[in-house]
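Heads up, the thing below is written out as C-alpha cells.
The values are calculated or read from the model by the stated rules, or taken from the named source; none is laboratory data. As the structure is a computational prediction, the values presented were derived from the model and not from experiment. Neighbour counts run over all protein chains shown; Cβ positions are idealised from the backbone, glycine included.
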C-alpha cells in the first residue's frame, strides 16, 4: 500500500498538525511514532487513512462519548491506556470485512493529555478467497511496497533490492491468464498481474535512476511494456470483485503509460536513443488525455518535461512553447485544486518544473522576461523546500530545485553581468551539491553546473581561484560520469573551455593542446544531428586560434577556420548560437588576414561580423566583443582603401563597445585602449581624447570595491603603464595638461581612496540627509568588515586536497557578500550624487579646477610623470589656472636604471631595516623580503630584500644616482620655475613632489652634486615634501584647522612617544630607547605636554589611548608593511601590532604630526607604484596632517641625533610663532623645515661616502 498518512479532521484551526505520517514497522503494520494531543470539547473526529498508491483507503468516525466510554472501561491496571479499535470503512466495504484496514488507538488521559496511535494493517485479501491463488502474491506485493517505502525514507539500497525480489516472486505466483479471452474468474488475477508488473518495473527504473545499472532499465522497460500490453488489450468487467481498494483497470492503464514513459526517458538520458524519447512523449500525451481531472495536474507536468527534453535534442521552438504551457497549467491546476496548505514540497516541484522550460526558452529567444520568471519560480520553490518539512523527501528534489535556480541566475548573469546573480548562483549550486549523495548517478550534472558558475565568475572578475574551482569541479564531473552517458561530451566541452582559460595564466601551449584533445573527444562522443555539435566545432576553432597565438603555427589558424566553417555548416539561422558561430569564424578570418593580408578573409569577416551583430540582442554580454572585432575589421579595411567612412564606423563601434553596461569592465577597457591606439594612428585628436576619457572612467571599475584587495592590486599593476602613463602622455600631446593631471589623479591612489572613503566623516551629509548618511555609514562599516574577511581568506590560500572544492565554494560565499554590500553601497552613493545639490562629486576625485583652488600658497606642487617615450613635470602653483607643462630629457629606462643602482647599494650595505649594519656586505647574494617581523638574518636586521646587482662601479654609487636626478630632473624644473638659492633654511620655499611610475622609488628630495667646486643640491633652493596624490594635499589644505588658534586644547597639544627596544619575536633595537629619551629631553624645557611609553608599557591599547589624547606621535619601533593588505600594516608594540585599520577607526580629528622612526615606512610597491602602499600614506589617510618617514633603514647610531635635532628645530619654530611660554605646544606645520635642518646637520657630521648618503637620505616628509 506504499506510504501511509493519517489525516485527522475536526481539530481546531490553531492546532499545529493535522497530518501524521506513518512508519512501516513490518509488512502489515504501520505506526505513528509520536503523540497526538486532543484539545478539550471535541464533539467528533474523522480519521482518514491515505495511501500514496491507492489514495483514500477509508475513514473512522470517533465521538467524544466513545472516548469517555473507553476511558471509564475497566482495565487490569488503571495506569494502562484505554484501547479503541475501529475498522477503516469506505463505500464498498462491509463493517467487519477482514480485508479492511483497522486502527488501534491507545488512549491515555483523554481530553487533557497526549494520545498515541498505533495503526495495525491486517492482510488484504479478496472477499471470496476460495481458489483465487492471490493471497500470497498480494501479501508479497504489500511487503515489497513496505520495503520500497523504507528505501525512500533511508536511501538504503538493500531495501530496494529486497522489494524487487519480492515483486519478482509475487509475479511468479500469479495464476496463469488467458489474455485472448478474458473471463470473469481470471479478471482479478489479470489486474493483480498488471499491478505487479508496474510495481516491479517502476522499482527497477528507480534503482537504475539511483545507481545506474543499465540492466535494470532494460528489464524495467520489458516489465512495463508487458503491463501496458495487458492493460491496453483487456476489457474491464465492472461486476468482478477486486481486493479492497485495488486500482481499477483504467487506472492501471494510466499507470503503465506513466511508468513506461518515465523509464524510456531515463534510458534516453543515458543512451540518447531518440525513439525512446518520441515514444515517451506519445505515451504521456495519451495518459494526460485519459486520466481524470485530479490526475491531469501531474500528467501535464510530465508531458512538459518530456517536451523539454525533445527541445533539447532538436531545438524545435513549438516544443519549448508547449512545454512552458504544460508546466504552467500543471502549476495553476495544482494551486486551484489543493492550494498552498499541506503539501509545500509538491508545490515546490511544480514551481521548479515551470522554471526549467522558461529558462530554456530564454536561451532560445533571449527574452529577459522568461529568465526573470524562471528565477522567481525557482526561488519560490527553494523557499518552500527550505521552510517545509523535507525530512521524508528525497534529497534529489531539493537538488533539482537549487540546481535550476543556480543555472537560471547564471544565465541571467551572462546577459546582465550583475555579479550578485553569479554569486547567488554559486551559493545555490553549493546547496545542490550538498544535497547530492556521493553515489547519485547525476552528480556529474551538479558538478558541471557548479563549474559553469565558477567559470562565468572568472570570466567577469579574472579571479584565478574561481578558475581553479572550475577545473577542479569538471575533473570530478568527468570521473563520475558513466561511460557512454550523453552528458560526458558536454562535460568534456566545458573542461576544454576551462583549460583554455587556464592557458591564459599558465602553460599556454600545453593547456591549449589538452583543451583541443578534450574538445575532439567531445565531438566524437556526440551523435550526428545533435544540436550541440555546431557549438563544439566552434569551440574547437577557438582553441586552434589560441594555439596559433601561443605558438605562431600557421597550421593552427588554418585548422581554426576549418573547424568553424564546419560549425557554420551544421548551424541554421534559428540555432541559438548562430550569431556566436558567425562571430567566431569572422574573428579567425580576421586573425588570418592580419597574418597574410588576404583581402578576401577581411571582407568575409566583416560580412559575418555585421550579420552576427545584427542577430545579437541589445544588452547581450557578448555584444561588446562583437562590436570591438567589427571595429577592428573596419579599421583594417580603412588602412587598405582609406575610406574615412569606415574609420568613423570603427570609432562609433569602439565607443559602443567601451560603453556597454553588460560587459566586464576589463573588456570595455580593452576596447577603449584599442580605440585610443587606432585614433592616434589615424591622427584624430578628438577621437583620441574621447577614447582616453572613456578609458580613464573605466579604471575605477576594473579595480572596484566589490573585489578583494589582492585582486584590485593585481588589476592596477597591469594598468600602471598600459593606461595611466599613456593617458597622461596623450593628454600632453593634445596640449591638455589639465586633463593629464585629472587622468593621473583618477587612476592613482585608487585603493587608498577607496579605503579612506569607508571612514570619511559624514557631518555634512548628516546635516543634509540623515537617512542617507546612516545608510552609507552602515554599509561602509559592513563593507570594511567583509573586505577584511575576504582578504584574510585569499591570503590563507586554498588547499588542493580533500574537500578543496567545498572550501572554494565557502570562500566564494564570503567574496559574494562583499560584492553584495559594495553594490548596495554604490547605489546609495549614486542616490546621494544625483539627488542632493552640492554632493555631485561626493567621494569622487575632484575635477582639476577644484584641486587647483586648494593648493598651498608657499610653494609649487610638482607631478613627475613617466612614459616609455618621455618624462615630464606638471607644476601646479596657486596663482595659475592650469598646470605648467615642463618636458624633461629624463627617460623611463633611465628611471629604472637608477632604481636598480640604488637597490644594488641598499643590498650591498645591507640597509633595509632599522639598525642594519653599515659594514659592507661582501659579494651580496640573494636575500629575502620579510614584511611581517620575521626572524632576522643578523642581530640588527629585520627585513631585507632580494637583489644581486654589484655596486662597486663609481657610476653605480648613491652619489651618482643623486647627481643624475639633479641634472636630468630637478634642475630643469627649478630653472623653469626660476627658483633661486636661499641663504637660510627658513627662507626656502616649499616643494611638494608627487612622483609617478618608476620615479616613486627615487630620492628626488636629495638630488644634487655633493662633491667638487660645483657642489649644489635641491636643499639649497627649497624644502621638500612628498604627497601620494594631489587630491590628498588639496583635501588637507581644504580642511586644515588652525590648531594653534584660540585657547589651546592641552589634551591634544602634545606628543606621544612610543619606543619598543625589545619587541617579542623581533630583533632588539636598543637605540629606540635612546632616541625616545632624546625626544623627551627636548620637550621638557619648553614644557610641551608628552607621554613616553617604553618597553612593556608600550601596548596597543595604551598607544591608541595616547593617540586620542595627543596631536602628535613619535614611533620608534619595528614596523611592517603589508603590500597585499595595507590596512594590516602597522607598528610592533609590546603585546602585538598596532595596525593602520585600528588607527583609522579611531577617528583622530586633531591629528597633526606622526614621526615614524622605523624601517622603510615610505617604501612603496614596485608592482603598484601608483598606489603608495606604505605606512606614510596610511598615516595620512588616518588623519595626520604631516608624516616623517623613511625610504629604507635608519641607523640606531644616528637616529637619536636626527630626532633630537628635528624636535629642537620644530620647538624653536613653535616658540618663535607664539608670545610667551604659556602657549607652548606641538605644531607640525614646520615639520618639513625641521627635518631638512636635522638631515643637513647629520650630513655635515658624515663624510661623502655612499654609506653616509644611505644614512641621511632615507628621511622624508609627507603632507603639509
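Listing for the model above:
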| read-out | value |
| --- | --- |
| Criterion violated by residue 184 - all others in (1) surrounded by 23 or more Cβ atoms within 10 Å (Cβ to Cβ); (2) modelled with pLDDT under 80 satisfied | (1) |
| Residue within segment 1149-1163 that is out of contact with any strand residue (DSSP E or B) (no Cβ under 6 Å at 6 or more places or on another chain) and either assigned to a helix (DSSP H, G or I) or without any contact (Cβ under 8 Å) to a residue 12 or more places away in the chain (or both) present | no |
| Search result, residues across segment 434-447 that are surrounded by fewer than 21 Cβ atoms within 10 Å (Cβ to Cβ) and in a helix (DSSP H, G or I) | 434, 443 |
| The listed residue being under 24 Å from residue 1250 (Cα atoms) and either out of contact with any strand residue (DSSP E or B) (no Cβ under 8 Å at 6 or more places or on another chain) or modelled with pLDDT of 90 or more (or both), out of 1006, 1031 | 1006 |
| Qualifying residue in segment 173-180 (condition: under 21 Å from residue 254 (Cβ atoms), at pLDDT 90 or above and surrounded by fewer than 20 Cβ atoms within 10 Å (Cβ to Cβ)) | no |
| Test for residue 357: is it at pLDDT 90 or above, surrounded by fewer than 16 Cβ atoms within 10 Å (Cβ to Cβ) and within 27 Å of residue 531 (Cβ to Cβ) | no |
| Pairs with Cβ under 8 Å, 6+ apart, first in segment 588-617 and touching a residue at least 12 places away in the same chain (Cβ under 8 Å), second surrounded by fewer than 15 Cβ atoms within 10 Å (Cβ to Cβ) | 592/558; 592/598; 593/599; 595/554; 599/640; 602/640 |
| Unique match (being more than 20 Å from residue 996 (Cβ to Cβ) and either surrounded by fewer than 24 Cβ atoms within 10 Å (Cβ to Cβ) or in the same structural domain as residue 1022 (by TED's automatic domain parsing) (or both)) among 843, 852, 876 | 843 |
| Considering residues of segment 1015-1029 that are within 47 Å of the chain's Cα centre (by Cα) and part of a strand (DSSP E or B) only, the residue surrounded by the most Cβ atoms within 10 Å (Cβ to Cβ) | 1025 |
| Condition check for residue 839: over 38 Å from the mean Cα position of the chain (by Cα) and either farther than 23 Å from residue 1189 by Cβ or at pLDDT below 85 (or both) | no |
| The lone exception for residue 475 - which of (1) outside the structural domain of residue 524 (by TED's automatic domain parsing); (2) without any contact (Cβ under 8 Å) to a residue 24 or more places away in the chain; (3) over 29 Å from residue 533 (Cβ atoms) it fails | (3) |
| Every residue from segment 1051-1067 that is at pLDDT 85 or above and either under 43 Å from the mean Cα position of the chain (by Cα) or outside any loop (DSSP other than H, G, I, E, B) (or both) | 1055, 1056, 1057, 1058, 1059, 1060, 1062 |
| Candidate set from segment 1137-1168 (those that are over 17 Å from residue 1114 (Cα atoms) and buried (at least 22 other Cβ atoms within 10 Å of the Cβ)); member that is modelled with the highest pLDDT | 1163 |
| Count of segment 282-306 residues which are under 41 Å from the mean Cα position of the chain (by Cα) and free of Cβ contacts under 8 Å to residues at least 40 places away in the same chain | 3 |
| Residue in segment 1124-1136 that is more than 35 Å from the chain's Cα centre (by Cα) and closer than 29 Å to residue 1209 by Cα present | yes |
| Residue in segment 1118-1125 that is closer than 25 Å to residue 1233 by Cα, modelled with pLDDT under 85 and assigned to a loop (DSSP other than H, G, I, E, B) present | no |
| Residues that are crowded, with 17+ Cβ neighbours inside 10 Å and either out of contact with any helix residue (DSSP H, G or I) (no Cβ under 7 Å at 6 or more places or on another chain) or assigned to a loop (DSSP other than H, G, I, E, B) (or both), drawn from segment 1084-1103 | 1088, 1089, 1098, 1099, 1100, 1102, 1103 |
| Subset of segment 961-977 [over 48 Å from the mean Cα position of the chain (by Cα) and under 17 Å from residue 1025 (Cβ atoms)] | 974, 977 |
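Here is a yes/no grid of residues against (1) at pLDDT 85 or above; (2) in the same structural domain as residue 903 (by TED's automatic domain parsing); (3) surrounded by 17 or more Cβ atoms within 10 Å (Cβ to Cβ):
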| site | (1), (2), (3) |
| --- | --- |
| 986 | no, yes, no |
| 994 | yes, yes, yes |
| 1040 | no, no, no |
| 1049 | no, no, no |
